[in-house]
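Quick notes on the structure that follows.
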Amino acid sequence: MSKIATHIWNTLEDHPWLTMIVGVFAQTWFTISNRALWFSDEVRYANAYQNLVLNGKWMVLSLNGQPYPDKPPIYFWFLWLIDTLTPANMPTVFFVGAALSGLFLLMASYYLARVLGFNKSVSLGGVLILLSTFFLAGLFHYSRMDLLFTAFIILSHACLFQAFKQNDQGRWPLYAFLLAGVATLIKGPLGFIFPLLTSSVYLLWKGEIRRMFTIKMAQGFGAMLLLLAAWIAGVVIAEGPDFLTDTVLGKHVIQRATKTFHHREPFYYYFIAFPLAWLPWTLFAFTAPVRRAFSLERLGELWASRRQVGPRAFLWIMFGATFVFLSSLSGKVLIYILPMFPALAFLTADAMERMKPEHARSFWTSVAGLWIVLGAGLIVSGGLLPFEVPVRGMGIAAILLLAGGGAIYAVRDSGSRTAILVSTLAVTLWLYPVGLMVAPSLDNAMSPKQHALKIGALADEGFKPMAYKIYSGIFTYYAGHDIAETSDWDELRSMLDTPSPVALTIREKDWKKWENRPENLRIIHRQNISGMVYLLAIRE
């Protein structure tokens with residue numbers, strides 16, 4: 001490790017919180033509100049937030065004029081705080097919220113590492129690994145609640161581990177369960193399931209499961225239930241008890257877990273999705289000496305010493321138990337994997353501190369090769385991407401991938417700390433052409449804005465906006481009007497049975513198979529949004 005790299009590393013190590021602030025700022029400041037909100041979640045959450053602010057939907061969110069039970073409200077309260085305390089307005093507030101959520105996730109992860117007893121070097125290394133993961137770096141630029149959700153889950157894990165480290169659990173269980181409760185009110189019951197699952201398996205492995213059933217743990221769990229009960233009471237007051245039992249709990253919690261109507265995937269989904277999302281760090285499993293870790297001899301040693309295990313076992317269980325649980329659910333979504341990222345990041349950083357030079361060299365050579373392959377692939381296939389809009393900046397992004405790979409290859413023998421620094425810098429620099437040129441140029445391919453503005457203009461002229469078989473609420477925010485939606489042909493015919501002029505949004509594939517289609521409907525606009533072609537037809 002060169003003297004310059006050593007000095008930089010030591011400086012970052014001594015100022016971890018500032019490092020995280022600067023790191024997230026460097027990766028996000030230039031993309032704040034420089035593109036439209038994209039399909040599908042960003043535009044839908046924008047309308048939900050709009051209804052919270054303008055129509056007072058604070059307890060049960062509203063989407064396209066209808067109750068929106070998919071998500072609890074706390075993330076939208078967080079956006080309201082940003083909106084209130086900063087000069088940011090819609091839609092800027094959504095991008096600021098994404099960046100701040102990413103920062104909170106890094107800070108929560110660092111805190112977890114320090115609670116687990118890892119030194120400053122490993123803790124910093126894990127944070128930089130997170131900052132240099134393509135998938136996570138991209139999420140810092142996409143407005144949704146999962147980053148904040150994960151941050152609270154990680155903090156809950158940290159507090160539970162604190163409780164298990166000492167004979168008197170103190171107030172740590174209370175903090176842990178309240179944090180898990182807040183996580184639940186950000187996105188759903190996985191917010192408390194993940195910390196409980198990790199802690200239970202960890203204590204079972206150690207033979208100390210009785211520590212889950214102390215008075216302090218019961219008090220903490222009770223406090224969480226009270227927190228959740230307060231929101232449940234608000235839901236009942238706002239929408240009634242049937243809405244809670246049938247819609248919120250029945251359809252959007254129990255059914256999604258057992259027999260989902262949405263995102264149904266095979267059990268092996270995460271075996272494919274996670275390695276891809278964890279790139280480039282997935283390559284560590286193929287270059288590190290992992291064979292010994294899974295040998296019968298090593299497994300026997302782990303079993304014999306299970307009562308003395310500590311931080312590393314906690315992180316492995318945090319990763320493994322979450323992976324198995326998610327794979328068992330009926331509904332599977334890529335974003336659910338985020339709580340596993342910090343666990344693997346610190347396990348990887350810790351392993352790198354003890355890694356033999358030849359293994360480190362092999363790993364960083366493979367990472368450099370991946371960067372170069374991605375850059376070359378982008379150059380070769382950039383013009384073949386399935387977008388009906390001209391994409392700017394692809395060449396610059398490809399060159400930076402090649403340059404990043406070359407830089408990582410050049411320092412492959414300089415130690416993992418130097419290579420981690422170079423990787424983080426390379427990802428940060430690569431984000432600039434992607435954020436400043438590539439992403440904005442994709443607006444007409446990824447955002448419903450163009451289509452929605454036409455709907456809004458027609459609605460202002462007196463046309464009745466309606467839609468058939470669309471993802472609910474994707475046009476409402478930019479249209480500035482609620483849209484009558486249906487997925488039933490008979491209901492659509494009934495909706496069209498009006499003397500008023502109408503503006504109908506329908507997917508092209510449904511338009512083509514529409515039997516007895518009214519002849520007086522005329523297509524005036526066509527847009528390919530995220531791979532689906534939407535038509536706007538009017539009847540004057």
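The values are calculated or read from the model by the stated rules, or taken from the named source; none is laboratory data. It should be emphasised that the depicted structure is a prediction, and the values quoted were computed from it without experimental measurement. Note that each Cβ is placed from the backbone with ideal geometry, even for glycine, and that neighbours are counted across all protein chains shown. For accessibility, only protein heavy atoms count, side chains too; no ligands or nucleic acids. Shrake-Rupley method; radii C 1.70, N 1.55, O 1.52, S 1.80 Å.
Of everything in segment 33-58, what is in a helix (DSSP H, G or I), in contact with a strand residue (DSSP E or B) (Cβ under 7 Å, 6 or more places away or on another chain) and of a type outside the set (Gly, Ala, Ser)? Give them in sequence order.
Let us first name the residues in segment 33-58 that are in a helix (DSSP H, G or I), namely 41-55.
After this cut, where a residue has to be in contact with a strand residue (DSSP E or B) (Cβ under 7 Å, 6 or more places away or on another chain) as well, the list is 44, 47-48, 51, 55.
Correct list: Arg44, Asn47, Asn51, Asn55.
For segment 1-32, how many residues are within 30 Å of Arg361 (Cβ to Cβ) and part of a helix (DSSP H, G or I)? Even if it seems obvious, please write down each step before you answer.
Taking segment 1-32 and keeping what is within 30 Å of Arg361 (Cβ to Cβ), we get 1-16, 19-20, 22-23, 26-27.
From what's left, part of a helix (DSSP H, G or I): 3-14, 16, 19-20, 22-23, 26-27.
Of the residues in that region, 19 qualify.
From the list Thr282, Thr258, exactly one residue is modelled with pLDDT of 85 or more, of a type in the set (Val, Ile, Thr) and out of contact with any strand residue (DSSP E or B) (no Cβ under 7 Å at 6 or more places or on another chain). Which is it? Spell out how you get there, then give the answer.
Values: Thr258 fails: modelled with pLDDT of 85 or more.
Every option except Thr282 fails the conditions.
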*When you go through (1) touching a residue at least 60 places away in the same chain (Cβ under 8 Å); (2) open to solvent by less than 10 Å² (accessible area, probe 1.4 Å); (3) of a type in the set (Gly, Ala, Ser) one by one for Gly207, which number turns out not to apply?*
(2)
_Selection from segment 22-52 of residues that are over 19 Å from the mean Cα position of the chain (by Cα), hydrophobic (A, V, I, L, M, F, W, C) and under 18 Å from Arg144 (Cβ atoms)_ = Leu52
*Does Leu136 satisfy the condition of being closer than 23 Å to Ala345 by Cβ and open to solvent by 30 Å² or more (accessible area, probe 1.4 Å)?*
no
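Is it the case that some residue within segment 143-156 is in a helix (DSSP H, G or I), closer than 17 Å to Tyr202 by Cα and among the charged types (D, E, K, R)? Even if it seems obvious, please write down each step before you answer.
Step one: list which residues in segment 143-156 are in a helix (DSSP H, G or I), which gives 146-156.
Still in the list and also closer than 17 Å to Tyr202 by Cα: 153-156.
When the remaining residues are screened for being among the charged types (D, E, K, R), the result is none.
Taking every residue of segment 143-156 in turn, none turns out to be in a helix (DSSP H, G or I), closer than 17 Å to Tyr202 by Cα and among the charged types (D, E, K, R).
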*Scanning for something open to solvent by less than 60 Å² (accessible area, probe 1.4 Å), touching a residue at least 24 places away in the same chain (Cβ under 8 Å) and more than 22 Å from Phe140 (Cα to Cα), does segment 386-401 turn up at least one residue?*
yes
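Quick one: in segment 261-279, which of the residues that are at pLDDT 90 or above and part of a loop (DSSP other than H, G, I, E, B) is least open to solvent (accessible area, probe 1.4 Å)? Give the derivation first.
Here is the first cut: in segment 261-279, the residues at pLDDT 90 or above are 269-279.
Then drop every residue that is not part of a loop (DSSP other than H, G, I, E, B), which leaves 278-279.
Working: Trp278: 8, Leu279: 44 Å².
Result: Trp278.
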